[in-house]
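A quick write-up on the structure given underneath.
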Amino acid sequence: MNAPARGVAPLLEVRDLRVRFESAGETAARAVEGVSFTLARGETLGLVGESGCGKSLTALSIPRLVDEPPAQTSADSSILFRGEELVGASQQRLRQLRGAEIGFVFQEPMTSLNPVHRVGDQVAEALWTRGEVSRKQAKTIALELLDRVEFRDPRRAMRAYPHELSGGMRQRALIAMAVACEPSLLIADEPTTALDVTVQAQILELLASLQADTGLALLLISHDLAVVSQVADRVAVMYAGRIVETGTARQVFGSPRHPYTEGLLRAVPTIDGAGGSLAMIPGRVPRPDAWPSGCTFHPRCPYAWDRCETDEPDLREGATSSGWVGARCWLEDEPAKRSGTGYAEVDS
Amino acid sequence: MAAPRRQTRRLERFELRGGLLGRYAVRRLVGSVPLLWGIVTLLFILLHAAPGDPMAAFFNPNVSPDVLEQMRRNFGLDQSLLEQYGRWLGNFVTGDFGFSYSRLRPVREVLAEALPNTLWLGATSLVVTFVVGCTVGIVQAVRQYSRLDHGLTFAALSLYSIPTFWLGVVLVLLVSSNAWPAWLDLPISGMQSLDYAELGAWDRIVDRIRHLILPTIALGLSSAAAVARYMRGSMLETIDEDYIRTARAKGLSERRVILRHALANALLPVISLVGLFLPILFGGAVVIEVIFSWPGMGRVMVDAIGARDYPLVLAASFLFATLVIVANLLADLLYAWVDPRIRYS
């Protein structure tokens, strides 16, 4: 997926990322299969998809946090961060970039903090271990950071152990840790999934305000369309290790092109019930080691015809009157095939 | 500078819970009184049920049966078992451990001499066991499935399968054989050399340490192998935790990720092993002290059992049991010190 030309090199450019898991005697599980996207400075890209579609693996691949083996990244894959190739970069260089340039917020605030160390120490550690500030200065900055992520009593939070904090507070601490060194890219992998809905909104606001302050680019991974639609500038929808649709948030959520996106959106209830009955995508996400032939979505697609079973469509992108969009679907060629009732509705 | 500061902060936290801690420790110790009573009572019954006569050592054509009978009366062995038990327990709770039949000295004196020697050997073995075991386990976990890992696994399983008494004897044979290099010569018996009294302060320390080496290896090696297995498993589990990924995402060095973030967590289950291994260690000490002529509780115990020296066996067992209980308590407190989530309730 290429961003609209802006005359500047993108901050992050992922090209043809392929990650597979190989174990002896078994079919290789192709978990991520040719994912490409770009992210400009200060931009928010939402990566959406069901569990198991490869979105977390894509996120972890960027700062090379995937354990290899068992995972295996194709040598043809390319992850350019500020023009620098990260696939195959030295561990030392990657350590320099992690935290300092690429911050990461994980899905599980309950288990992502070390239970035996104080929160303040864990935040400060990201700073002083780089040798640029003293431990004491790092503590001061950590206190400011905890204040910035809206702890009511940052001093107490500094001295607290993770088990003394709620899930939302832990996620704030993790965010403070991730942005401590003022990275230019923040990757948030399902940052709100484990949290209450009210806390979710606060965390999203916090991420948005941090972004407004520092101009960092945000890669937001979520299965939650509501979350993504709130903050993302652009959206990429993933299915079975591939990006199946891209576009601005308004385009993708307003007029989805790919049947999968359409199904996802029709499965979301609206607060006033204006959307009518909910629809359901039949079947389930295929396993990465047993993808169907042709278009991987065809067994679940209400519009699929014989071509979909044999040929795999490309993600075709291009400028339209409403902006840069694309979908990996044969319907792009033959829009007339989008006929009939589409998804079956579920009685509600 | 930073290290001592961290230390004081830890102590601070520990003291904050100090009141609770003291109460917890006292409660645990009080709770162990019935346990200790049960142990000595059971032992009392077992000892008296076993065949043998405490006065057998004095069987001699020159000693008339009347004298033996008199000795029995003096030691109260002519009374009914229940009377003997009551009298013994009554004295025991006041701290009077009785009189050793075989050594013809107060039990208290015999144990006061032997106990420090056993603690010395036991503590050294315990420290070596855990330091060696944990280090090997960490190395294995970090290099999982490497040749080094496989080699160490093989070595650990082999050592773990070797019985302590066999290892002790083989070490003695090995070191005293002609093939053993002279410069590596190590003492194989006792706690100190014959000329210990004439040595300078430094040489005394060296002499003591040299005498410790073989018994420590014999006593601690198989436990160290077991600790290494546990540590490897615990470390591998910890390395998979989310917070280790968080630490890596912060850009920390692998060394810091392992030693600061993984180690403290991986140690937690291993700490509770201290209490588990202590009885094994004391059990081993009984054998090792005999092999290496170490003048400790283990040897006292073996001699006393052979001589049916009831008061000495009972008092020595009581002391071993107390040591195990106290060490378990210390292990639990250590656990609480490392893990802030533990509360004394």
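The values are calculated or read from the model by the stated rules, or taken from the named source; none is laboratory data. Here the structure is a predicted model, which means the values were calculated and not measured. Using ideal geometry, Cβ is built from the backbone for each residue, glycine included, and neighbour counts are taken over all protein chains shown.
Take residue A:178 and tell me if it is within 11 Å of chain B (Cβ to nearest Cβ) and at pLDDT 85 or above. So residue A:178 passes the test. Comparison of B:136, B:132 shows that the only residue that is under 20 Å from the mean Cα position of the chain (by Cα), at pLDDT 90 or above and either in a helix (DSSP H, G or I) or crowded, with 17+ Cβ neighbours inside 10 Å (or both) is B:132. Taking first residues from region A:81-102 that are over 22 Å from residue A:218 (Cβ atoms) and partners that are charged (D, E, K, R) and exposed (fewer than 14 other Cβ atoms within 10 Å of the Cβ), the Cβ contacts under 8 Å between residues at least 6 apart in sequence or on separate chains come to A:91/B:254.
Of everything listed in (1) closer than 16 Å to residue A:191 by Cα; (2) at pLDDT below 85, the single unmet condition for residue A:103 is (2).
Taking residues in region B:317-345 that are away from chain A (no Cβ under 14 Å), and partners anywhere that are assigned to a helix (DSSP H, G or I) and among the basic types (Lys, Arg), the pairs with Cβ atoms closer than 7 Å and at least 6 places apart or on different chains are B:329/B:28. Residues in region A:39-70 that are surrounded by 19 or more Cβ atoms within 10 Å (Cβ to Cβ) and of a type in the set (Ser, Thr, Tyr): A:44, A:56, A:58, A:61. Here residue A:149 meets the list (1) crowded, with 22+ Cβ neighbours inside 10 Å; (2) modelled with pLDDT of 85 or more almost entirely, failing just condition (2). Of all the residues in region A:189-216, those that are out of contact with any Phe, Trp or Tyr (no Cβ under 9 Å at 6 or more places or on another chain) and within 21 Å of residue A:54 (Cβ to Cβ) number 3.
Would you check if there is a residue in region A:112-126 being at pLDDT 85 or above, in contact with a Ser or Thr (Cβ under 7 Å, 6 or more places away or on another chain) and among the polar types (S, T, N, Q)? Yes, region A:112-126 contains a residue that is at pLDDT 85 or above, in contact with a Ser or Thr (Cβ under 7 Å, 6 or more places away or on another chain) and among the polar types (S, T, N, Q).
Of A:196, A:233, A:189, A:213, all but one fail to be more than 29 Å from residue A:94 (Cβ to Cβ) and not small (Gly, Ala, Ser); the exception is A:196.
Pairing residues of region B:187-198 that are farther than 18 Å from residue B:171 by Cβ with residues that are part of a loop (DSSP other than H, G, I, E, B) and not acidic (Asp, Glu), at Cβ distances under 9 Å and at least 6 apart in sequence or on separate chains, gives B:192/B:199; B:193/B:187; B:193/B:199. Restricting region A:123-141 to residues that are assigned to a helix (DSSP H, G or I), facing another protein chain (nearest Cβ under 8 Å) and not acidic (Asp, Glu) leaves a set whose member that is farthest from residue B:262 (Cα to Cα) is A:135. Considering region A:76-110, the residues that are part of a loop (DSSP other than H, G, I, E, B), more than 8 Å from chain B (Cβ to nearest Cβ) and of a type in the set (D, E, K, R) include one that is farthest from residue B:247 (Cα to Cα), namely A:76. With respect to being in contact (Cβ under 8 Å) with a residue 24 or more places away in the chain, within 9 Å of chain B (Cβ to nearest Cβ) and not basic (Lys, Arg), residue A:200 falls outside the description. Residue count for region B:92-129 under the criterion of being of a type in the set (A, V, I, L, M, F, W, C), crowded, with 22+ Cβ neighbours inside 10 Å and under 20 Å from residue B:228 (Cβ atoms): the result is 0. Residue count for region B:240-275 satisfying the condition of being within 13 Å of residue A:117 (Cβ to Cβ) and among the β-branched types (Val, Ile, Thr): 3. Given the criteria in contact (Cβ under 8 Å) with a residue 40 or more places away in the chain and under 27 Å from residue A:115 (Cα atoms), does residue A:265 qualify? Answer is no for this residue.
Residues that are farther than 22 Å from residue A:206 by Cβ, of a type in the set (Gly, Ala, Ser) and modelled with pLDDT under 85: does region A:156-163 have at least one? Scanning region A:156-163 turns up no residue that is farther than 22 Å from residue A:206 by Cβ, of a type in the set (Gly, Ala, Ser) and modelled with pLDDT under 85. The combined condition, being surrounded by 13 or more Cβ atoms within 10 Å (Cβ to Cβ) and more than 30 Å from residue B:91 (Cβ to Cβ), is fulfilled by residue B:165.
Can we say residue A:120 is exposed (fewer than 15 other Cβ atoms within 10 Å of the Cβ), more than 8 Å from every other protein chain (Cβ to nearest Cβ) and out of contact with any His (no Cβ under 9 Å at 6 or more places or on another chain)? No: the conditions fail for residue A:120. Looking across region B:266-288, the residues that are more than 11 Å from chain A (Cβ to nearest Cβ) and farther than 30 Å from residue B:188 by Cβ come down to B:269, B:270, B:271, B:272, B:275.
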